[in-house]
Amino acid sequence: GLAMPTRAFALERQMDLFRRQIGVASKSMVLLARDATGGVIGGAVGRRWGRCCELQQLWVASEHRRRGVGAALVRAFEAHAQTHGCTDFYLETFSFQAPDFYRALGYVSAHEHCVYPHDIVKHLMVKRKVASIEKTGGAPD
């Protein structure tokens, strides 16, 4: 597996402490897609805080792409976040990655950063979902 260098962990820990002190602590989210043998074929990584949820990374093994795995991961990621009160979703993707994929899932470009070489554009994409009727009372955690 991938390992983050110790210094990066230490920095993330300090940033998390600061966010908690000011009341904006985030919760990490990781979802995996597995094949029939239990092997990991995809994953979604992000975080939620308050009503916001950020999809930071989405990956699907090349031999499983264009089979609905990525869309299922995004939908499951959003659904899990919604159970914690999230209604506002966002992500960043480059023009050579997957803006059309995310548009098909209901995301819109809120900002296009057009400063990269070769006409590459970085998209900040957002999506708002209505809170479910079943979720009542209390602030999101």
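The values are calculated or read from the model by the stated rules, or taken from the named source; none is laboratory data. This one's a predicted model, so the numbers in the text were calculated from it and none came from an experiment. Note: ideal-geometry Cβ built from the backbone for every residue, glycine included; neighbour counts use all protein chains shown. To get the accessible areas, we keep the full protein, side chains included, count just its heavy atoms, and leave off ligands, DNA and RNA. Shrake-Rupley method; radii C 1.70, N 1.55, O 1.52, S 1.80 Å.
A few remarks follow.
- Candidates 93, 136, 87: the one that is modelled with pLDDT of 95 or more, among the polar types (S, T, N, Q) and either more than 13 Å from the chain's Cα centre (by Cα) or under 26 Å from residue 21 (Cβ atoms) (or both) is 87.
- Failed criterion for residue 22 (all others in (1) touching a helix residue (DSSP H, G or I) at 6+ places or on another chain (Cβ under 9 Å); (2) open to solvent by 40 Å² or more (accessible area, probe 1.4 Å) hold): (1)
- Set side by side, the residues 79, 110 differ, and just one is part of a strand (DSSP E or B) and within 30 Å of residue 23 (Cβ to Cβ), which is 110.
- Set side by side, the residues 48, 7 differ, and just one is open to solvent by 70 Å² or more (accessible area, probe 1.4 Å) and either out of contact with any Phe, Trp or Tyr (no Cβ under 6 Å at 6 or more places or on another chain) or farther than 26 Å from residue 115 by Cβ (or both), which is 7.
- Check on residue 75, of a type in the set (Lys, Arg), surrounded by fewer than 20 Cβ atoms within 10 Å (Cβ to Cβ) and modelled with pLDDT of 95 or more: yes
Conditions tested, residue by residue: (1) open to solvent by 80 Å² or more (accessible area, probe 1.4 Å); (2) assigned to a strand (DSSP E or B); (3) over 13 Å from residue 44 (Cα atoms).
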{"residue": "70", "(1), (2), (3)": "no, no, no"}
{"residue": "84", "(1), (2), (3)": "no, no, yes"}
{"residue": "92", "(1), (2), (3)": "yes, yes, yes"}
{"residue": "101", "(1), (2), (3)": "no, no, yes"}
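- Qualifying residue in the stretch 26-40 (condition: open to solvent by less than 80 Å² (accessible area, probe 1.4 Å), within 21 Å of residue 102 (Cβ to Cβ) and of a type in the set (Val, Ile, Thr)): no
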